[in-house]
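Down below is the structure, laid out as structure tokens.
Read-outs: derived from the displayed coordinates by stated rules, not from any lab. Small disclaimer: the values here were computed from a predicted structure and weren't measured. A quick note on method: Cβ atoms are made from the backbone with ideal geometry, for glycine too, and the neighbour counts reach across all protein chains shown.
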Amino acid sequence: MILTAYESIEKAIVDRLRADGHVVDYIMEIARGAKDQSVLDHSVSMNSVLSTSDKDFGELVSRLAKLHTGIALVRLEGFTLARKIDEVSNAFREHGHELPGNFAVLTPDSIRVRPGSLDQRQQGN
């Protein structure tokens, strides 16, 4: 899977996703400090799923109806880094096929996937 990882995602998680075989553009490496809209635009241009723990992206795609090719919002506050790494890796392995074009929230108890494909958004604009 092709992913864009926002700055809010720890480097150790990015390293694990890469080790799992995902192609990951890490914003800290390629465009540190980029504005949210620029990050979203990059993700769309790469046809990648954006992985973030920043809730602002939910606002961009839900309320402002910005185009996206999939967002995985990681909400694992209070977990050790090792546990976050395992949870994110497992979520992408088990639910990766559901993520492109949709908005997903990974919490300690579940992963919720809400439809929101790029094609549907283009039709609505």
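Couple of notes before you dig in:
- Compared with the rule-of-thumb size 2.2 N^0.38 Å for a compact globular protein, region 2-117 has a Cα radius of gyration ratio of 0.95.
- Taking PHE92, PHE103 and counting other C-beta atoms within 10 Å, the order from fewest to most: PHE103, PHE92
- For the chain, built as a Gaussian network whose Cα springs stay under 10 Å, the top-fluctuating residue of GLY58, GLY33, GLY101: GLY33
- Among the GluC sites (Glu not before Pro) found in region 39-111, those both in a DSSP coil and sparsely packed, with 10 or fewer other Cβ atoms within 10 Å of their Cβ, are GLU77.
- Around the amide H of ALA104, modelled in the peptide plane, lie the amide H atoms of ILE71, ALA72, LEU73, ARG114, all under 5 Å away and 5 or more residues distant in sequence or on another chain.
- Residues VAL105, VAL74 arranged by fewest to most Cβ contacts within 10 Å: VAL105, VAL74
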